[in-house]
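Working notes, structure below.
Just so it is clear, none of the values below were taken in a lab; they were calculated from the coordinates. Since the structure is predicted, the reported quantities are computational estimates derived from the model, not experimental observations. All Cβ positions, even for glycine, are placed from backbone atoms using ideal geometry, and neighbour counts span all protein chains on display.
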Amino acid sequence: MKTTRFYKLIIVVLILINLTTLFFLWKGHKRPKHPERNELVELLDLSGNAKIKILALQDDHFKKKDALINRSRNLHESLFQSFNDESKDSTEIKMLIDKIVENQRETEQMTFDYFKVVNSLCTPDQQKRLQELIHDVLKRAGGPPSPTKH
């Protein structure tokens, strides 16, 4: 009898610990949505017209990226809610997955286009620094391996 009470108490404590951990993982860890507004400008040592153009591009880029991220989140939520919806057939689920893939393609294309324009506004030395920054971010994010040097 005492062991049953003990196990029930342990289970309740473990559930509370798990719920607390989930709460802090979900709500407690707030990181900035975007890097500092001037971070890229400072890292590349931009000035003048290039600085003004890149800051404007950056604002537009992050607005579009936020919209695509929100769309992705909504599409994923719809997809995984399909587990409990017996009325959805494989065609509807495939369409949802196709929308998720297309949204990801749009995100990647938009990011590529953004950095291509940023690169065009840089001097050759700044372009080299930009490439290094991009490779560093990709390494940290687990992106594609950097090209090997011969």
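For this structure, a couple of remarks:
- Length gained on full extension, Leu55 to Lys88, computed as 0.36 nm times the residue gap minus the Cα-Cα distance: 7.4 nm.
- Ranking of Met95, Met110 by neighbouring Cβ atoms within 10 Å, starting from the fewest: Met95, Met110.
- Among Val137, Val41, Val118, the ranking by other beta carbons within 10 Å of each residue's beta carbon, starting with the fewest, stands as Val137, Val41, Val118.
- Percentage of interatomic Cα-Cα distances in segment 38-141 larger than 19 Å: 56 percent
- Residue separation of Lys99 and Arg73 scaled by 0.36 nm, minus their Cα-Cα distance, works out to 8.2 nm of gained length.
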